[in-house]
Amino acid sequence: MDSIIEAQRQNHEEIERFERALATVLSKPQSTQHAKLANEHKASLILDRITSRAHTLHNFYQDEATRKAEIEAISGSKPDDLSEFYSRLGKIKEYHHKYPDQVVGGFELELAALVDNNAGEVDGDDYEEEDPISLLFSGEEAYGRYLDLYVHHTGYNNLRNINKRLTYLQYLDALATAEFGLVHQEVPKKRGTRRITKSNQIHYIVALHAYLLSFSKKTQPLVDVTGQQKQAEVEFDSLWAGGKVIGWAEPKSGKINGSGTGESEGIWCSACQKNYSKQTVYDAHLTSKKHVKATSRQASSEAPPTYPNGLSADVPYSQHQSIKDSRIRTSAQLTFLVTSLLASLMTTLTETKSNVERRFSLTAKEREAELIEKPAPAPTPTANADENANEEEEEERIYNPLKLPLGWDGKPIPYWLYKLHGLGVEYRCEICSDHVYMGRKNFDRHFQESRHAFGMRALGLPNTKHFHEITRIEDALTLAEKLKREGKQEIFSQETMEELEDDEGNVYNRKTYEDLKKQGLI
């Protein structure tokens, strides 16, 4: 586009329409995790486009010379000079004559694809649109609901100097300590080194940080995760400069052995490639055959002796120490950043642990069925559906300040009927776990219901007519003792309580029926 004024106007219009589209997307109700995440990713795409347009506008406004020349050109030398107008009109006609089939409204299609849920659908039953959100997560992550840390759990267990190999649940508990301080404080120190300074340990913490950073960006597209990481780096720099990073104190200068090599603790023999903790042990091994052969081999070879970290002895020790210190600082910084990411993902980490515990209780068939089962897509709301829902909500809003019971038509019963049946009187039954029954009719009926029968069975008493109107546990037990003293043992005998009928219609209790049946009389 030749006109900078028109370019500015178009960018202003697109920014305004993108802002309206963003409000539309964020105002949509989302019922599932997948729909909510897809909505947030759409909003993130719209925000990226708004940022791009705003940056372009800023550059346009900075170009004052071009704007001034454009304004002078369209103003003309005279008030009624329209030559520039007709010149530009001719160029527009020529362009459309040259490209008659050009699609008009490309911005409209882009906006519709971002806002509409049904954009891009194709008629036909066999067509299934690919879900872009599902491609971002693994099956274990379940659209960002859980963390997939199995690979990192294996890497953690393969680290050196680990006293105990953790299970997956124990590993999740170890990561959950990020809520209170730096993670992996349980990793033991090794002589002359710091925590997580070996190559495989650095690779582990780098991989863990990369995964958590990627997961945070995918599950929180509207959050500036990169900015939060930069703030965490600034905070770490201030803590490191003051030596306040817990478990990562400033390194001390090491000792230099007789061979000229440096170590923070012990004595390193470059010929044997071995570290000795005591001077006496080091002196004793100098006369051994292995050390003599290693020394002669090192003298005959052209390669200079090496340090434990694999660097040449030609390099000064101060440079070795600075390289080691930089590794320590990098490891400490990554651990600090991982802790900050885990603190923001603490809810997800807790849900991950609950999901793992739940899956441990499932059988193999249940796990297979869970993998095959796909979540049903959320129904797309339509205008008619929204109107019907609003009408139903209005119908459901019934004025009932006295909280009267509802009748057969779903409306509160009249107040005089409520008083007539005594529904305002409360009857409490201690046997039914202090359940309250409103009205005498409901109270009388509940003695034959399952709730009261279960309470009587829990007390070891039969739910017979003798205990009708008894609501207190103490009264029921007292009545049972009284009936037992009066000789009415039949109420406690299950055999005499249950009655059975034979083929001829004769009624017997269970004990008599079984005796006659054993004798073959019935």
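Values in this text are rule-based calculations from the coordinates and carry no lab data. Keep in mind that this is a model prediction, so the values were computed, not measured. Because the Cβ atoms are built from the backbone with ideal geometry, glycine has one as well, and the counts that use them run over all protein chains shown.
Observations on the model:
- Applying 1/(1 + (r/R0)^6) with R0 = 51 Å to the Cβ-Cβ distance of residue 293 and residue 207 gives a FRET efficiency near 0.80.
- Per-pair calculated FRET efficiency, R0 = 22 Å: residue 13 and residue 59 via Cβ, rounded to 0.05: 0.80
- Residue (of 73, 109, 37) at the positive-pole extreme of the stretch 30-114, dipole from beta-carbon charges: 37
- Gain on full stretching of the segment that runs from residue 5 to residue 89 - 0.36 nm per residue minus C-alpha separation: 28.7 nm
- Gain on full stretching of the segment that runs from residue 27 to residue 330 - 0.36 nm per residue minus C-alpha separation: 104.8 nm
- Burial ranking of peptide ranges 131-137, 402-408 (average Cβ count within 10 Å, highest at the top): 131-137, 402-408
- The calculated FRET efficiency for residue 223 paired with residue 413, based on their beta-carbon distance and R0 = 60 Å, is about 0.70.
- Taking label points 7 Å from Cα along the Cα-to-Cβ direction, residue 403 and residue 148 give a separation of 5.0 nm.
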